[in-house]
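Read through the structure below, which is laid out as structure tokens, and then see the notes.
FYI, it's all coordinate maths here, none of it is from the lab. Model, not experiment: these values are computed from the prediction. Here Cβ is always computed from backbone atoms with ideal geometry, including for glycine, and neighbour counts include all displayed protein chains.
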Amino acid sequence: MDTSIWRPILYLIGIMAFAGVNAAWLGWCERKGAGHIQRRCGPKEVGPFGLWQPLADGIKLMTKQLIVPQGVDGILFRVAPVLAMIPAITSMVAIPFSETLHARAIDLSVLLIFALASIGMMAILLGGWASNNKYSLISAARSVSQNVAYEIPMLVTVITIVMLTGSMNLEEIALQQKGGFWNWNIFPVVGQSIAQAIIMPVSFILFFICSVAETNRAPFDMAEAESELVAGHMTEYGSMGFGLFMMGEYLNIVVGACLTAILFLGGWDSPLPFIPSGVGWFLLKIYVLIFTIILIRWTYPRTQIYKLLNLSWKVLIPFSLAILLLTAIFIKIEGILI
Amino acid sequence: MSILRETKWALLELFPEQKATEGEAEKAAREKHRADARAKIEAEIKAKAEAEAKAKAKSEAKEGEAAAPKKPSPTEETAAESAAIDLAAKVKSQAAPQPAPPEEPEEPESDEPPVSLEHEGPRPFGVMVRSYAARGYHLDVFCAPDQVVAAAELLDGAGFSLEAVTGVDWIKEEQMEVVYDYTITAGRLCRVAVRTRIPRSAPEVPTISHICPGANWHERETHDFFGIKFTGHPYLVPILLPEDADFHPLLKDFTP
Amino acid sequence: MTLPIQCTPDEIFILNLGPQHPATHGVLRVKLTMDGEYIVEAEPVLGYIHRMHEKMAENGTFAQFMPNTPRLDYLSALSFNQGYCMAVERAAGIEVPERAEYIRTITVELNRISSHLLWYGAFVMDLGGFTPLLYAFDDREQILDLLEHVTGSRLTYCYYRFGGVYNDIDDDFVTGTRAFVKRLRSRLPIQYRDLVTGNIILIKRLKDIGFISAETCRKYGATGPVLRGSGVEYDVRKHEPYSIYPELDFDIPHYPEGDCMARYMVRMDEIEQSLRIIEQALDKLPDGPYQAKVPKTLKPPAVDVYSAVEASKGSFGCRLVCDGDKGPYRLKLRSPSFSNLSLFGEVSEGLLLADALAVMGSLDLVIPEIDR
């Protein structure tokens, strides 16, 4: 009886803490990483290696006045930052961190996460629209078209995984990849045909590109696009309104990295069978992915909105559909052969 | 023909009087040059003939010792003939381009026209050739205010581009000067300054922005600073000064 | 609930780009009439940093205007310094000693490189690439150190004097410059060409975007890399040789494409050509005086002169009208970016906002020079 009460509370605290720490210190990671990429120090004044910088930033943001400019849609303007944060935190419920560390085993967890991600996109739309600023409005329009364009190839790629594993439960998907890196969905050498082994890395890359685009990160940061749209949907926001948008952005990256790790990289599975698996491996995988995303941001220039949409509609969607078709054919052939 | 001479003659279209006098002067110079050339060639032929005659006399004297005197050799005749034809051809070729601008394919001095002399007193309308080393531009055109459009058309047609439009406030003479700086970017060097003077009380010049779109902003700027009105300008509002500015700071009697 | 933005029936709206906007690099304002993300009409609005330098020139002596020239284009301050000096020297008939001309050439070319490096960083930042800016600043810092050593300032150099330069260069400067040339040569292929120029996103953003024809350049009087990016081989240093440029061997990079990529490539190649010029000038550097004997107060005769130099943005011209007094009667500063920006309205029509900003970046605008 005890567990039924304490389990949700503990998980609530755990997830909130995980989300908060990640949202705050990924900002530090990004700034420090960018600093070293650009041959400078990054934050170093507040605490050792500038580690307390996020706290200082947080205090600064929280003590600033939340200005609601004249002429904005008051309710939506206040709702938007919250809406940026909530779906990202809620998604954490469905993510299995290890075999035992799991808030709630949901059979349709993949679907749940994608549904929540769409709500996250609404935050940019509402924030941009409610701001009564032309730059914000352009940003809102851009983010909608971008998210619609990239959700399709992303979902199609996920469907191939679902077809292979026969499950929409993330825990189940992770468990099927157990026992060494050759079992992971990215290299399914064992248990699948050779053709699958060629197709899956391609679909991993597709998924990764889409997740970068879905989280509005450079080189696909069309919504923020600093040099074009000032700060896009965040132009009119100050203090914690801006802070929540930033935290939501980092949490979306975490969720995206978690999904990639579970779907393609075996979740909490260790690369070699004799090394014990566990939550450590999972965290290592997501942070490697996050660091890759940061590295990409500080290396490449931004693409242009129409080229971005062309990439999705003309390249990614046909490719993902072809992969879906091929996977279906292979599964059918194997079904006949075996 | 050099770009400088070409442009000069093109611009002289604006000033028929100067063109006539310059044409006369050029013609006289050409005539003199042609006469000089003819005299030179004649002298050369003469000298050549003399030398030949001498040599011949010598050889004949030598030959005369050996054999009986012969008829004058045919080669001598042909040489004299060909020299005469040459001369005629040369004179003809020089005489051919009778209407201005005169072409001097083998003018002995440099191809550049000589630097014009500075006029005493107020300058008449016309084209002056300036020393590039001293002034930084080659041709200095002074024209009536309504001629700037024609000048712009001429220069634009010749491939020039407008560098700047400037005003100068000559307060003592109660006049304002507008200077248009043209240059050519296609390979050859020639800078032209077209200037005009307008009364200070009613500064008005026709616009050239329909010919050189680049003049649009320069004219707006000149209007800002001097209050010179460019008639026909599509959008003569302040560009560098505040949009409600009603003062013209570069006027010499401007006090803030 | 009312619509947040009042749309006309045709859904055309006006967007104010600036005067404070991350992409305008200063206080330039562009009034954009937009149809969605497409630009229908663009009208640059100038004058936010107008200081009436030309009036200041009329109110002082020739020498008193010297410190104003670097404030025009603070990125290639020495070019503007030189342009003004040359105009006054021409009017007063001052001969500049050979060593001074060499020193001028070396420093002005260093300044040109630093200007191009900053443009490069800012331009890639306009396109959303943040890191190259810092790499370019790393190299630019070396130039600033070198020039600080000899001129005494780091940005608004006022180093040239009528008839020479303010002080002589020393061995430290010469060895330092040689080391810098070597260093930048080794970095250009890797940190600039491989990292940025060859990047597929950059190429896609710049190729065939913002075409400017040679005829448009001529009509608007555009010069410098903008004109050379349209395939016209025009450089004041070669075309109208001044200083010691006729004695040096260098090329004028020009690309016929006329798009943003061509203008980008022109500037990148110019960095290499400037390095060549500096090397040759250092090799040939003669001994002798670095300043001519010039009277303290200049009183040139009543003439008007024009002098042009190649600044990093284009041809900078000075029309100086003297009336025999101690100061200029009228000084017109023909700044290159003013003409270069004037064609923006025509070029940006029908472009996407992001592409128009790429075009604006490729024009290399410095606003104080436009507004004067």
Rg and Dmax of the protein assembly as shown, Cα atoms only, in Å: 37.4, 155
For the stretch B:126-231, averaging the sequence separation of alpha carbon pairs under 8 Å that lie six or more residues apart and dividing by its residue count, the contact order in percent is 27 percent
List the relative contact order of the stretch A:1-158 as a percent without decimals, with contacts defined as Cα pairs under 8 Å and 6+ residues apart. 18 percent
If the convex hull of the alpha-carbon atoms of the stretch B:126-231 is projected onto planes in all directions, what is the mean projected area in square nanometres? 6.7 nm²
Once normalised by the length of chain C, the mean sequence separation of its alpha carbon contacts under 8 Å that are 6 or more apart gives a contact order in percent of 26 percent
Can you tell me what share of the DSSP beta bridges in the protein assembly as shown is antiparallel? A percent to the nearest 5 is fine. 85 percent
So how far, in whole Å, is the C-alpha centre of the stretch B:139-196 from the one of the stretch C:113-148? 39 Å
Ranking request for peptides A:279-289, C:22-32, B:236-246: highest mean number of other beta-carbon atoms within 10 Å first, then the rest in descending order. C:22-32, A:279-289, B:236-246
Determine Rg/Rh for the stretch C:35-81; Rg is computed over alpha-carbon atoms and Rh is the Kirkwood hydrodynamic estimate from the same atoms. 1.25
Give me D for chain A in µm² s⁻¹, whole number, from Stokes-Einstein with Rh from the Kirkwood sum over alpha-carbon pairs, 20 °C and 1.002 mPa s. 102 µm²/s
For the pairs C:K55/C:K296; C:K293/C:K332; B:K27/B:K56, flag any whose C-alpha to C-alpha distance is greater than 31 Å. B:K27/B:K56
Which longest run of chain C has no exposed loop site in it, a site being GluC sites (Glu not before Pro) in a DSSP loop with at most 13 other beta carbons within 10 Å, and the site itself not part of the run? C:96-372
Across the residues of C:32-38, average count of Cβ atoms on other protein chains within 10 Å? 2
Ratio of alpha-carbon Rg to the 2.2 N^0.38 Å globular estimate for the stretch A:1-72, to two decimals, please. 1.59
What whole-number distance in Å separates the alpha-carbon centres of the stretch A:246-279 and the stretch C:49-95? 63 Å
May I have the count of lysine pairs in chain A with C-alpha atoms under 21 Å apart, counting pairs 8 or more residues apart or located on different chains? 5
Let me know the shape class of the stretch C:194-286, please: from the alpha-carbon gyration tensor, a ≥ b ≥ c as square roots of the eigenvalues, rounded when a/c is under 1.5, otherwise prolate if a/b is greater than b/c, or oblate. oblate
Putting +1 on Lys and Arg Cβ atoms and -1 on Asp and Glu Cβ atoms, find which of B:T222, B:Q175, B:I211 reaches farthest to the positive end of the dipole of the stretch B:168-249. B:I211
Under a GNM of chain C (C-alpha, springs under 10 Å), which listed residue has the highest mean-square fluctuation: C:V266, C:V303, C:V236? C:V303
Taking only Cα atoms, what is the 0 to 90° angle, nearest 10, from helix A:74-91's long axis to the longest principal axis of chain A? 30 degrees
I'm a student and want to see the number: the projected area of the Cα convex hull of the stretch A:268-335, averaged over all directions, in nm². 7.8 nm²
Viscosity 0.692 mPa s, temperature 37 °C: Stokes-Einstein D of the stretch C:51-371 from its Kirkwood Cα radius, in µm² per second? 164 µm²/s
If you fit an axis through the alpha-carbon atoms of helix A:134-165 and take the longest principal axis of the Cα set of chain A, what angle between them do you get, 0 to 90°, nearest 10? 20 degrees
The stretch C:240-294 and the stretch A:41-66: distance between their alpha carbon centers, rounded to Å: 47 Å
